[in-house]
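Notes to accompany the following structure.
The values are calculated or read from the model by the stated rules, or taken from the named source; none is laboratory data. The shown structure was predicted, so the numbers you read here are calculated from the model rather than taken from an experiment. With ideal geometry, Cβ positions are generated from the backbone for all residues, glycine too; neighbour counts draw on all protein chains shown. For the accessible areas, the whole protein counts, side chains as well, though only heavy atoms, and no ligand, DNA or RNA atoms are used. Shrake-Rupley method; radii C 1.70, N 1.55, O 1.52, S 1.80 Å.
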Amino acid sequence: MLDTLIQIGAEESTGQDLWEKLIFKPPTDKKLEKKDAKSIQYYIYFLIFDLDEMSLKLEPMAQYDDEKAKTYRNLNVKGGNNMAYYVTAHFPKHFEQLCKTLFGKTPKEGEKMPTKGELLDLIGKEMPELNDGILAKVLAKVFELKQDFYQLLPDGDKSPALKITPFEKIHLIVSAVKWQEQGIEKATPFAQLDGYETFILNKLLPKVEKDANNPLLKLCYASGEQADDVAEINISNRYSLNKMFVETTKNYASDFDKNKFGDNYQASILQQAFLESGSSYILKNLKLTIAGIDHCILPQLSKHDIVDKKWTIREIKEDSDLLFSFKKVQEWINRDFKKTPLYWLTFMGFESDGNFFKTINLIQDVNSQHFTRLIRTFRETNKLFTDLEGAQWTDILTFGKEKEMYLFNFHTLYTMIPVRKDKEKKNVALLLFKAILENRPIDKTTVFQYFKELILCHRFGRYAAYTNIYSNDVFDFAVRNAAFQYLALIHILKQFNLLK
């Protein structure tokens, strides 16, 4: 897995701006755009602190685009109880982080009021050499306007100062300062003040102490090569595949000596950057749902094959969608299966709320030839049963108001294998899919047990007990659908000699 992350991360990092990895580009509001016929306009507002007049105001500056998110350093927000250092914020979701950055956290009952913002506090603790710089001076002076700030913006996105129409939306609020006494003649974003970028890069990028007079080569666990900047792996992002390799749960580090974890699990700065870049790419581009559980696709490509990795990965994702997603038959018919190099796939099921990453399922070492044969077999079975007189296969797989026919694939299979609400304890559909993908024998009685439970579910209306079974008011049709779908499943299992 580490090798996969590094390969993808290295390719993603080629020619990429360093800040691209640190910047958060806010998504558009799909619900709002769908609801309103008119085009929604997204804006950037400047929150200007005039330290000559000791006043502040909120002014619209420009329409939003992703390049401006980088220009004004709209950083990814860390989860958990971390101190804030965000001088630009996505509004209103991350607005509280901007408040904490400039004025500190709102104290609970019995706690003392903060005497400075969290960014100024962090500078004092982590980079005291910036205490006499313009950034620290501005932050200290801005704190004196705390009361004015909360009078101007008392209710977040409901504040009267935000004069926007229903078809306008504030995407970013950028804190800016004007202070002629210190040579700041016009409103300047905090992100462009001397010291801010230095602080952020020092805080967010991996670092290690080096002794120029005594360079010491150490083994990088991730790459297997020696380097002089190897240090304990430090991943700040909690929503990351790399969070499986931790000392507490030790999902993938179970054989490590707990007392020497930091010594053993080390990597060079470059490899750490590749690991994070690879994780971000996979979670964004190679994620799907199998049997109701979020999974990542982890392709293992040979280092010796000269291939376009991005093209190969895109092909893998498109093929996987055909097997696991709710797809129309036409998309399958139009699919052109190109010849790809030999690879292996691991499907990793996980849970995450953005603040943790927990592995709950692994479907391992699926050979690309077996994977491609599965796709072809499902497609051939779909055609076989469509042509089968009396099966009425088109009716069985027709859904929605548009009455379009969908694929018979793992997604369809999931709707015919009763999975109880406590599926996190035993998701029987996931166990069956794992066996098929890993090419392992399946007990015939198990398949018939699933069929029996499905018929009983329809017969007695037990839909509340199963989260994945569609209700059917006509019992005869429900039985017909179930019978032919299970015949199709058994046919597929026979093609791979999987039935014991």
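Each row is one residue, and each column tells you yes or no for (1) exposed (fewer than 15 other Cβ atoms within 10 Å of the Cβ); (2) hydroxyl-bearing (Ser, Thr, Tyr); (3) at pLDDT 70 or above.
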residue	(1), (2), (3)
Leu204	no, no, yes
Lys207	yes, no, no
Cys220	no, no, yes
Ile233	no, no, yes
Leu241	no, no, yes
Thr249	no, yes, no
Glu276	no, no, yes
Leu286	no, no, yes
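Looking across region 125-139, just one residue is within 23 Å of Leu47 (Cα to Cα) and open to solvent by 50 Å² or more (accessible area, probe 1.4 Å), and that is Lys137.
Scanning region 164-187 for residues that are surrounded by fewer than 22 Cβ atoms within 10 Å (Cβ to Cβ), within 31 Å of the chain's Cα centre (by Cα) and either of a type in the set (S, T, N, Q) or closer than 19 Å to Arg73 by Cβ (or both) yields a single hit, Ile170.
Across region 375-393, the number of residues qualifying as open to solvent by 20 Å² or more (accessible area, probe 1.4 Å), of a type outside the set (A, V, I, L, M) and in contact (Cβ under 8 Å) with a residue 60 or more places away in the chain comes to 1. In region 343-354, the residues that are assigned to a strand (DSSP E or B) reach residues that are aromatic (Phe, Trp, Tyr) and modelled with pLDDT of 90 or more with C-beta atoms within less than 8 angstrom, at least six apart or across chains, in these pairs: Leu345/Phe371.
Reported count of residues in region 329-374, each being at pLDDT below 80, open to solvent by 60 Å² or more (accessible area, probe 1.4 Å) and more than 18 Å from the chain's Cα centre (by Cα), is 8. If the condition is being more than 17 Å from Thr101 (Cβ to Cβ), outside any loop (DSSP other than H, G, I, E, B) and open to solvent by less than 50 Å² (accessible area, probe 1.4 Å), then region 59-77 contributes Ala62, Lys70.
Screening Leu51 with (1) in contact with an Asp or Glu (Cβ under 9 Å, 6 or more places away or on another chain); (2) at pLDDT 85 or above; (3) open to solvent by 30 Å² or more (accessible area, probe 1.4 Å) gives one miss only, at (3). Within region 81-98, residues that are assigned to a helix (DSSP H, G or I) sit with their Cβ atoms under 8 Å from residues that are among the acidic types (Asp, Glu), at 6+ positions apart or across chains, in these pairs: Phe95/Asp157.
Does Met127 satisfy the condition of being of a type in the set (A, V, I, L, M, F, W, C), at pLDDT below 90 and on the phi < 0 side of the Ramachandran plot? Judged against the criteria, Met127 is not a match. Among the residues making up region 116-137, those that are in contact (Cβ under 8 Å) with a residue 24 or more places away in the chain and more than 32 Å from the chain's Cα centre (by Cα) are Lys116, Leu130, Gly133, Ile134, Leu135, Ala136, Lys137.
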